[in-house]
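Here's the structure we're looking at; comments come further down.
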Amino acid sequence: MGTDALNMKIRNAVIEDIDEIMRLEQEAFIEEIQEERKVFLERIKVFPEGFFILEDETGNISGYFSSELWNSYPESEESFKLGHSASSSHKKTGTVLYISSIALGNSLRGKGMGTVFFEKCVEKIKETNNQLKGTVLIVNEKWEKARHIYKKFGYSEYKTLEMFFPDGNGILMKKMFE
């Protein structure tokens with residue numbers, strides 16, 4: 001972890017962050033898999049304790065992390081669809097943390113910041129949700145660096161969703177907590 005990580009601040013997202021969240025979404029993902037503004041607004045309203053912002057020392061927003069609590073590890077593609085309703089899927093007492101999206105600005109990529117941000121966000125959610133038994137996420141099979149990071153954190157691949165992404169399969173990964 002470089003010295004940049006020491007100057008970063010993680011805080012909960014607020015509605016006023018939406019323009020910067022959308023900027024990061026467009027910077028991080030191809031158009032076909034970008035979430036719409038209304039989806040992020042719903043996620044902030046439904047589970048603000050699971051939506052974080054990464055700020056640099058000057059207060060610029062450099063990343064976001066959004067999540068939901070689910071009752072189980074889903075296997076169907078429908079659960080992970082782009083634009084799914086957080087109001088319908090999020091359960092306040094859910095035992096599985098679904099990491100719906102994480103993005104970093106271009107200036108932070110490749111510096112280990114994503115790893116630090118990811119780990120700290122999951123830890124913050126675990127601290128306030130003692131009922132959690134594990135976590136789940138979906139990743140493009142072609143995003144080898146991301147898959148490597150998740151495996152390093154103890155995630156295992158448990159299902160492939162054929163052509164989930166416009167350019168390839170989606171890999172469902174989960175991690176059980178001790």
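Rule-based calculations on the coordinates, nothing more; no lab input. Every value quoted in this text rests on a predicted model; they were computed, and no experiment measured them. Note: ideal-geometry Cβ built from the backbone for every residue, glycine included; neighbour counts use all protein chains shown.
Straight-line reach from residue 151: taking Cα to Cα under 14 Å and skipping same-chain neighbours fewer than 8 places apart, the aspartates and glutamates in range are 119, 141. Just list whichever of 92/145; 9/126; 91/145 have alpha carbons separated by over 28 Å in the model shown. With Cα atoms farther than 28 Å apart: 92/145; 91/145.
If the chain linking residue 159 and residue 177 were pulled fully straight, counting 0.36 nm for each residue of separation and taking away their Cα-Cα distance, it would gain 4.6 nm.
Taking every C-alpha pair closer than 8 Å and separated by at least 6 residues, the mean separation divided by the residue count of the range 88-178 gives a relative contact order of 29 percent.
Summarising the label geometry, the points placed 7 Å from Cα in the beta-carbon direction at residue 76 and residue 7 lie 4.9 nm from one another.
Taking each DSSP H run with n ≥ 4 as -39500 (n - 2.57) and averaging over every residue of the chain yields -8500 deg cm²/dmol at 222 nm.
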